[in-house]
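Visitor: Would you mind keeping the following structure in view while I ask a few things?
Values quoted throughout were computed directly from the atomic coordinates according to the rules given, and no laboratory measurement underlies them. Just so it is clear, the structure is predicted and the values come from calculations on it, not from any experiment. Cβ placement follows ideal geometry from the backbone for every residue including glycine, while neighbour counts extend to all protein chains displayed.
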Amino acid sequence: MLFADLGIDDTIALIYSYLSEEIELVGVVADYGNVPRSRAVASVHYLMKLLNLKDQIPIIGGAEVPMTAEQPKFYPEIHGEYGLGPIKPGMYEGIIENFFEIIRLIEIYGDELIIVNVGRLTSLANMFILYQTLMNKVKKIYIMGGAFWVPGNVTAVSEANFHSDPIAVKIVLTYASNLTIIPLNVTDHAIVTPEMVEYIEYKGRSKLVKPLLDYYYDFYKKRNPLIKGSPVHDAITLMSAVHEDMFTFRNLPVHVVTSSTGIHRGQSIADIRPYIQFEETAKKHRIAFSFEYGMFFERFMTVMTGESFEREKD
């Protein structure tokens, strides 16, 4: 099940899940984040229709605002008005699936279910507030978020998902078991180059990838003229659920700064002090600090093009 605040990289993750034979997508929770929730819901419905998955996968309305009780900030300059770059599908006029459909999916799939959260953590935190026992039945949870000793993308130290609702992050860190964090340390380097995009377009498995990633790359080039392509933060997080061998992990206590203002809001902190003897009950989470780009290239391109790829040499 995918929790997403639909943006371009969320959409690439959804397309990847559709094309991959290793992933069975059983539900999408559409949250506020890159765009308002209403537009995220509309875009997921639009995408599911294009992929001929309409009415096959529950599309659930997630959170509209963060637990900080603030009005969220949206990012149309990065992701487009609907999170689909230049594409504007228009508002969805149908009925939005009830949030508590999540409960039914957990009860159906139980310890086979993996949750991948690639957006704000508000909806996920609400599930832990309301249904801790049920959430502990979930096999694994992967979240895209945080930045450990690397630059943030909202402040100098904070990543967007953690910065937007640090209270929700704290709740998830406190109560989640079997949690893996895929931070900017990894996702900033999961680059899809223009040459990769052109070849995906040529192979024709998805005609959406090029307009989406061209739009995304235009933004990133303006911010960093030296960047070689578009980082697909959410696709690599989704891939981590089935390809853990790509990553190097460490299990560490993790803290998030929950102050409402200032540069440190949403900062993710891992305690790496070697001289501290943590209690056996101290909560630790698995963090991905690096990955092998060649394996990412091979697997991403194989799925997106439908042909076998060899690993790109570093």
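Visitor: Whole Å is fine, so just give me how far the alpha carbon centre of region 170-190 lies from that of region 6-30.
Guide: Answer, in whole Å: 18.
Visitor: Also, I was wondering about something else. If packing is taken as the average count of other Cβ atoms within 10 Å, what order do 61-71, 86-96 fall into, highest mean first? Can you show the working numbers first?
Guide: Working: 61-71: 17.0, 86-96: 12.8.
Taking the mean over residues of other Cβ atoms within 10 Å, the ranking is 61-71, 86-96.
Visitor: Turning to a different aspect of this structure: For region 228-279, run through the trypsin sites (Lys or Arg not before Pro) and keep only the ones in DSSP coil with at most 12 other Cβ atoms within 10 Å of their Cβ.
Guide: Sparse-neighbourhood loop trypsin sites (Lys or Arg not before Pro): none present.
Visitor: Excluding Gly61 itself, what net charge comes from residues whose Cβ is under 10 Å from its Cβ, given Lys and Arg +1 and Asp and Glu -1?
Guide: Counting the neighbours of Gly61, the net charge comes to -3.
Visitor: Out of all DSSP beta bridges with both ends in the chain, state the antiparallel percent to the nearest 5.
Guide: Looking only at bridges with both residues in the chain, the antiparallel portion is about 35 percent.
Visitor: OK, next. So how long is each side of region 186-314 along the principal axes, counting just the alpha-carbon atoms, biggest first, in Å?
Guide: Each principal axis gives a Cα extent; for region 186-314 these are 54, 34, 24 Å.
Visitor: Here is a follow-up. Sort 143-151, 283-291, 201-209 by packing, meaning the average of other beta carbons within 10 Å per residue, with the highest value first.
Guide: Working: 143-151: 22.2, 283-291: 18.4, 201-209: 15.3.
Going by the mean number of other Cβ atoms within 10 Å, highest first, we get 143-151, 283-291, 201-209.
Visitor: Taking only the alpha carbons of the chain, what extent do you get along each of the three principal axes, in Å, biggest first?
Guide: Computed over the chain, the largest-to-smallest principal extents equal 55, 48, 37 Å.
Visitor: Continuing with the same structure: Summing -39500 (n - 2.57) over the DSSP H runs of n ≥ 4 in the chain and dividing by its residue number, what mean residue ellipticity at 222 nm do you reach, to the nearest 500 deg cm²/dmol?
Guide: Result for the chain: -10500 deg cm²/dmol, rounded to the nearest 500.
Visitor: Which one, Asn161, Gln71, Ser123, is farthest towards the positive end of the dipole of the chain when Lys and Arg carry +1 and Asp and Glu -1 on their Cβ?
Guide: Towards the positive end, the residue furthest out is Gln71.
Visitor: Can I ask one more? If packing is taken as the average count of other Cβ atoms within 10 Å, what order do 292-301, 216-225 fall into, highest mean first?
Guide: For the peptides 292-301, 216-225, the packing ranking is 292-301, 216-225.
Visitor: Taking the Cα centre of the chain as origin and charging only Cβ (+1 Lys, Arg; -1 Asp, Glu), how large is the dipole, in debye to the nearest 20?
Guide: Numbers: 29 positive and 38 negative charges, 113 e Å.
With only Lys, Arg, Asp and Glu charged at Cβ, the dipole is about 540 debye.
Visitor: Which entries of Lys54/Lys207; Lys54/Lys140; Lys140/Lys207; Lys73/Lys221 have Cα-Cα distances beyond 20 Å here? Walk me through the intermediate numbers first.
Guide: Numbers: Lys54/Lys207 18 Å; Lys54/Lys140 27 Å; Lys140/Lys207 32 Å; Lys73/Lys221 22 Å.
Beyond 20 Å: Lys54/Lys140; Lys140/Lys207; Lys73/Lys221.
Visitor: State the percent of C-alpha pairs, over all pairs in region 1-63, separated by a distance greater than 17 angstrom.
Guide: 28
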